[in-house]
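Asker: Let me begin by handing over the structure; questions about it come next.
Only the coordinates and a few stated rules stand behind these numbers; no lab work does. Keep in mind it's a predicted model, so treat the numbers as computed, not measured.
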Amino acid sequence: DNNVQLDFTQYSIKFHSCYAIKSFDMKEQPVWPYTTSQIVTYRLCEVDSCSESSWNGCNNVYGNYAVSLSDYINAHQDHVSEIITQFCSYCRYCTYVKNVLNVTCDHYGDCGSYNGLCYDDDGS
């Protein structure tokens, strides 16, 4: 079977470094042929080998990847936005069941910043 699927929940992404790479291209930039590209390298580590305190990020087996700085920032912003969306949905549900059913969710205490961070459909 050629359809191998990886379980990415068992991996962490660790920022590794950022580079400015200068290149020379007379075709694209005839007036000033030097361009600079911003590149981010990151590592995909197995969760149990990822080290928060290590600059290298992973203690052993890992994959190195490189993307443009703008792609990295956009992906990071999308990820943070998704986390906030999930947090708001969870806290909205917990607030509802607390108010209507008088039942408290397991992590209801984590929703302390809910009102300042999340908005209802009407923008309030």
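Asker: What is the gain in length, in nm to one decimal, between Ser37 and Leu117 on full extension, counting 0.36 nm per residue of separation less the C-alpha to C-alpha distance?
Answerer: Result: 25.3 nm gained on full extension.
Asker: Also: Fully extended, how many nm does the chain gain between Thr95 and Asn64 (0.36 nm per residue separation, minus their Cα-Cα distance)?
Answerer: 6.9 nm
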